[in-house]
Structures are given as structure tokens and as C-alpha cells.
Amino acid sequence: MNKKEVAAILSEIGTLLELKGENPFKIRAYQNGARALETLTEKLEDVIAEGRLNDIKGVGVALAKKIEELSGTGKLKFYTDLRASVPEGLIQMLDIPGLGGKKIKVLHDKLGVESLKSLEEACLEGEVAALPGFGVKSAEKILSGIKNREIYSRRHLWWKAQQVAEPILEGLRVLSEVIRAEHAGSLRRNRETVGDLDFVVASDEPSPVMDWFTERKGVVEITAKGQTKSSVRLENGLQADLRVVSPAQFAFALHHFTGSKEHNVQMRQRALSRGLSLSEWGISNENDGVSVEGSETIDSEEALFHFFDLTFIPPELREGLGEIEVAENGSLPDLVRVEDLKGCFHNHTEASDGVNTLEEMALAAQEMGWDYLGLADHSKASFQANGLNEERVIQQIEAIRALNESGKYTTRVFSGIECDILTDGSLDLNNDVLEELDYVVVSVHASFTQPRDKMTARIIKAIEHPSTTMLGHLTGRLLLAREGYELNVEKVVDAAVANGVIIELNANPHRLDMDWRHWRRAVEKGHLTSINPDAHSIEHLGFVDAGVRIARKGWLSAESVFNTWTLKSVEEFLEKRKK
Ligand code: DGT
Ligand code: CA
Ligand code: CA
Ligand code: ZN
């Protein structure tokens, strides 16, 4: 386990102890220990190897032993036992925004609630609002938190769903009875979250295919099994549907089960307007149901779209948002591809809350084949992330300059910062230092609950700051975990365009922020974006893949994406912005 993971467990132990009403000194010891590790500037393994764990302020002998155990084995019996001793319902309450160990203990002690259901009832009956320290607002917030949690639990992050789906698709493709196999549904459409997995297979022998699909390791329940459709529930909570069709039906079935429903409805209307009926089986005459001449040769989605006088519509655009009309004109955009990226911005190093060094990040970027890499550690207001003050920023700028001059790596490193937007919209570092940087990302990391107008004005003020180059994670949302803060997206986009500021597409699979639904309009207004992984480790650089998928879903082509530009154009752009 790395120091961040260990710190997270210590902090959770603190919360669990709070929940149990343990001794405040004990609780504080774990919280302090977590904080100490979060802000540790060295590698945890080194500190342990050199026996210096005890020297860290806030880490006593007992805690040091636990940290060593976690770091070495990834496990800690004390933690496992503690977790098991707390009712599951109370642990679930920790997912509700605004509820921590202390508050949950009060709810449990005063109202006897031990499950989300009983907590919901207590909220509805006004019991929570009546508790000291709670009130009507916080009861409402708890209610919406419970509701969101339910909605969240029904869906899965695209990134995770993809990891589950990939081996299934590969497994299907190697079966001798399988002629073709594809993903379908929301996963194929690159939706940010996925309800269930869908697979479509062409085969003349469905039985062995269905057997393989339902008898795989990882299947915990078979909810349906037939010759054309089977459904299973998998151990990780995901469900998966498999359709097996004849090779002649494959293109129609793939198109149908890719969806979306809205896109399908519009395609059917288009068919109907020609007296035809389009379904997952094929194209027939609306009146007599007889298969239509020419339709039997359709063996691909390209051919299917062509039959209806449309250019191929990439799956990610099939949301019923005007893609059919644009395909009719043959003017769908040439969507950005991951190979188009020549680098990326907004990445963290161990100087703030990342786990890798500057050199490790530069090497990893070089291995990605990138011409440039922008670093952007946190600024000092993000103290929990060990944000940099002015002095440390200057040190980092010098370290980056030295690295570039050493010629050690072919990747050019840009010095940046992820500067906190303070509550009033001002920036967290002084102007002299901001001007020394190659670029500045500005982000909101605190005071999420400001009213919509205030938050909008706060962000616009930061956009108008002359040093600002990019706006980080527009809404602060965490998919399936936390709603974004309230703001007027349209106004923020307008301000960004007016000031030549780039709104990033944060590619972290938990964020994918700004949402894909806003990009098409933003680009029509002349907006430029940058697909930024917000990497906190070298592995996270790979998040750009998720970002590109969402960019495609937002109709973006390479020219609207800053980090597809050449190193020279990027340097010129950043130079010009500085003047
Ligand atoms: P999900 O699973 O909620 O993330 O979203 P999808 O789009 O994967 O939905 P799913 O799995 O229920 O169905 C897969 C596709 O099958 C869907 O995108 C379109 C098609 N489909 C399903 N039900 C209907 C329907 O009632 N009408 C039409 N036109 N298409 C449907
Ligand atoms: Ca689905
Ligand atoms: Ca499905
Ligand atoms: Zn951030």
C-alpha cells in the first residue's frame, strides 16, 4: 500500500472510532496520523526501511506499527475487526454527504436508527430536523443523499464496467461457434455510467455460446437463459445481457441493442416515413412484413446507415440529439482519437498529493510517446493535499527548468499549478508567482455549498484573472458519489470563451467533468478544451482514454482539443497568453 492508501485507512479508522464513541484522544491520534502521511514528502517505504516512522510528528509507537503492517501487507486485523463490529447500516450512512462519524453516532443514540431505511423514515417524520445540531436543511440534505445513493447503486462507472466487459467479449470471440461478437448498449456508446452490460453475437449454434456465458466464473445468478437471450448477474454487482442472432441479423441486432432508445425511435421513424419497418431483425415492408429487397445484403452498421442515406454514425453519437439530421448532410465531425494527443496538462506529483516524483512523471509521459507534460500540483489552500505555497512553487519551477535543460527526457515538462479558487473568486497564490508559471489551472476545492449565483460569479472572477489558463473540473462532481456544485454552466462557458480560457475535460473516470452534454454547444461558440487526466500517479496518465471517449461523445474533433496541438503551437499559445 502507498502512503495515500494507508492514510485513507487511518482516517477511516478515526471515523469508525467516532462512530463508536471512543476516546477522543484515540480518535485524534488516527486523524493526525492520516494527516501526517498525506503531507509526507518522502516515500513511505524509505521512511519505514530507515526506521524513521517514529520521528514523524503525529506518529506514535503504536500507530507506527500499524502503518508498517498496512504498508507491508495491505492488511490490518485491528481495522478489519473494527469494521466488522460496526453495523453495516451505519457504515452505509458514511456515504451520505454531510454525515460523519459523530453525526451518525448522534442519530444512532438518539433515534435508534441503524439502517438507511430507518434513517429515511426518521427524516420524513421530522425527528432528524428536531435533533440539536441538525435542523430542517440538514434533514433534507440527508434525504436527498439517501435517494442519490439508491440511484448510484444501480449504475456503474464506465471505466469499471469496461474492465468487467473486456474479458467477456474476448472470451466470446475465441469460441469456435462465434462468428462475430461486439459490445452494445451504453458501454459501447461511451456513457459515463452504465446500467448493465450488453453483448451481441452472431452464431448458428447458440446453445454452447449461452452455456459458456452462463457458466463462466464470476456469474452468481442466471436470471434468464434461452436460445436468443441470456442474462446473468456477476459477482461485482453488474448484470449482463447476451443476445445471439444469425449472421444475417447481426448488423440489425447490433444497431438495435447499441441504442440509445431515442436514437432507435428516430431511426424507426425514418424507416416508417419510407413505408418500411426497422427492427432488431431486419427491414421489412410496413404493410405486409415482407423483407425488403436490398436489405438482405446489409452486413454492417455502415451498410445499414447507408441504406437510409446516412453516413456512418459512431455509437457514441447515437443519443437522439440531432445526429441523424447531421449524418444526412454528411457533416458529422471527425472525432478526436487517443492517438491524436501529444501530451496533457493538470497532473500531480508527490510535491502535493500525487505519489510519483517529477522525474517519474516525465519518464512515464515519454513512454506514452508524448511531446509534453504539464504538471499542476495543488496550491496552499488545499492543505489536506499538501498544497504548495509561493516558495515551494518557485522551487518546483526551478526543478522543472533544470530537468528540461538536462535533456534527459524527450518530453518537455511545463510548470503549472492547480490554484485554488478561494470563496470570493480570488486566487490562492500571489500574482508574481503565478506569472512565473507556464500555465495556471484554477479549481474549486472548498465551499461547495455556495448558492448558484455566487458560485457562478466566483468561478467567472477566477476565469477573468489574467494568469488563468484553464479551469479545472468544472462542477466538482464525483460520478455515483457526489453531485456537482450548483452553477450556471452556460455563463461560465461564455466567460471562458470571452477570456480565451480553456475549460478542461477532466478525464478522471470518476469525474468526466465538464459533462459531455455541454461540449457541442461550447465548441460552436469557439471554445477550446484540454483533455486532462488529473493524474495523481503515473498509471493515471492512462485516464486520457476515458477523457477522449467523453470528448467524442461531446462531438469534439482534434482541433478543439488543445493537447492534440504540436509542442510548438502549445508553446506559442502559452507564451502569448502570458503577454
Ligand atoms: P443502461 O444499461 O441503462 O446503461 O443503458 P442501455 O442503453 O445499455 O439500455 P439497455 O441495456 O436497457 O438496452 C440496450 C439497448 O437496447 C438500448 O440502448 C436500446 C435498445 N432497447 C432496449 N429497450 C428498448 C425499447 O423499449 N425500445 C427501443 N427502441 N430500444 C430499446
Ligand atoms: Ca445496458
Ligand atoms: Ca441490457
Ligand atoms: Zn482538483
* Structure fact -> Only one of (1) over 30 Å from residue 514 (Cα atoms); (2) within 13 Å of ligand 1 (Cβ to nearest atom); (3) open to solvent by 40 Å² or more (accessible area, probe 1.4 Å) does not apply to residue 211, and that is (2)
* Of the numbered conditions (1) closer than 30 Å to residue 476 by Cα; (2) open to solvent by 70 Å² or more (accessible area, probe 1.4 Å); (3) touching a Leu at 6+ places or on another chain (Cβ under 8 Å), residue 35 fails exactly one; give the number of that condition. => (3)
* To do: Could you check, for region 144-160, whether at least one of its residues is within 16 Å of ligand 3 (Cβ to nearest atom) and modelled with pLDDT under 95?
  => yes
* Options 42, 38, 12; residue that is free of Cβ contacts under 8 Å to residues at least 24 places away in the same chain and out of contact with any Ser or Thr (no Cβ under 8 Å at 6 or more places or on another chain) -> 42
* Asked: In this structure, does residue 237 turn out to be modelled with pLDDT of 95 or more, surrounded by fewer than 16 Cβ atoms within 10 Å (Cβ to Cβ) and in the same structural domain as residue 191 (by TED's automatic domain parsing)?
  -> no
* Quick one: would you say residue 252 is open to solvent by less than 60 Å² (accessible area, probe 1.4 Å), modelled with pLDDT of 95 or more and either among the aliphatic types (A, V, I, L, M) or more than 16 Å from ligand 2 (Cβ to nearest atom) (or both)? -> yes
* Of the conditions (1) among the small types (Gly, Ala, Ser); (2) within 16 Å of ligand 4 (Cβ to nearest atom); (3) crowded, with 22+ Cβ neighbours inside 10 Å, residue 365 clears all except one; give me its number. => (2)
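Select from region 161-194 the residues that are of a type in the set (S, T, N, Q) and surrounded by 16 or more Cβ atoms within 10 Å (Cβ to Cβ) and write down the one among them that is nearest to ligand 3 (Cβ to nearest atom).
At the first step, the residues of region 161-194 found to be of a type in the set (S, T, N, Q) are 162-163, 176, 186, 190, 193.
Still in the list and also surrounded by 16 or more Cβ atoms within 10 Å (Cβ to Cβ): 162, 186, 190, 193.
Working: 162: 15, 186: 8, 190: 16, 193: 14 Å.
Ranking the candidates gives 186 first.
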* **Unique residue being more than 16 Å from ligand 2 (Cβ to nearest atom), farther than 19 Å from residue 301 by Cβ and not in a loop (DSSP other than H, G, I, E, B) when the list is 176, 230, 207** => 207
* Any residue at all in region 510-521 that is under 22 Å from residue 494 (Cβ atoms), assigned to a helix (DSSP H, G or I) and among the hydrophobic types (A, V, I, L, M, F, W, C)? -> yes
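Out of 215, 192, report the one residue that is at pLDDT 95 or above and either farther than 15 Å from residue 239 by Cα or hydrophobic (A, V, I, L, M, F, W, C) (or both). Break it down stepwise before answering.
Values: 215 fails: either farther than 15 Å from residue 239 by Cα or hydrophobic (A, V, I, L, M, F, W, C) (or both).
One residue alone meets the criteria, 192.
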* Output the residues belonging to region 38-57 that are of a type in the set (Asp, Glu), in a helix (DSSP H, G or I) and open to solvent by less than 80 Å² (accessible area, probe 1.4 Å). => 38, 46
* Structure fact -> Those residues of region 182-204 which are more than 16 Å from ligand 2 (Cβ to nearest atom) and either under 21 Å from residue 155 (Cβ atoms) or touching a helix residue (DSSP H, G or I) at 6+ places or on another chain (Cβ under 6 Å) (or both) amount to 202, 203
* Output the number of the condition that residue 41 fails; it satisfies all remaining conditions of (1) modelled with pLDDT of 95 or more; (2) closer than 27 Å to residue 476 by Cα; (3) among the hydroxyl-bearing types (Ser, Thr, Tyr). => (1)
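Table: residues versus (1) touching a Cys at 6+ places or on another chain (Cβ under 9 Å); (2) without any contact (Cβ under 8 Å) to a residue 40 or more places away in the chain; (3) open to solvent by 10 Å² or more (accessible area, probe 1.4 Å); (4) within 16 Å of ligand 1 (Cβ to nearest atom).
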site: 446; (1), (2), (3), (4): no, no, yes, no
site: 471; (1), (2), (3), (4): no, yes, no, no
site: 491; (1), (2), (3), (4): no, yes, yes, no
site: 499; (1), (2), (3), (4): no, yes, yes, no
* To do: Would you mind stating whether residue 403 is touching a Ser or Thr at 6+ places or on another chain (Cβ under 9 Å) and under 27 Å from residue 40 (Cβ atoms)?
  => no
* helices (runs of 4 or more DSSP H) completely within region 268-379 that count 3 or more residues being under 35 Å from the mean Cα position of the chain (by Cα) and assigned by TED's automatic domain parsing to the domain that holds residue 470 -> 358-367
* Taking the condition of a type in the set (Gly, Ala, Ser) and modelled with pLDDT of 95 or more, does residue 260 pass? -> yes
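The values are calculated or read from the model by the stated rules, or taken from the named source; none is laboratory data. For clarity, every value in this text was computed on a predicted model and none was experimentally measured. Using ideal geometry, Cβ is built from the backbone for each residue, glycine included, and neighbour counts are taken over all protein chains shown. Just the protein is used for accessible areas: all its heavy atoms, side chains included, with ligands, DNA and RNA removed. Shrake-Rupley method; radii C 1.70, N 1.55, O 1.52, S 1.80 Å.
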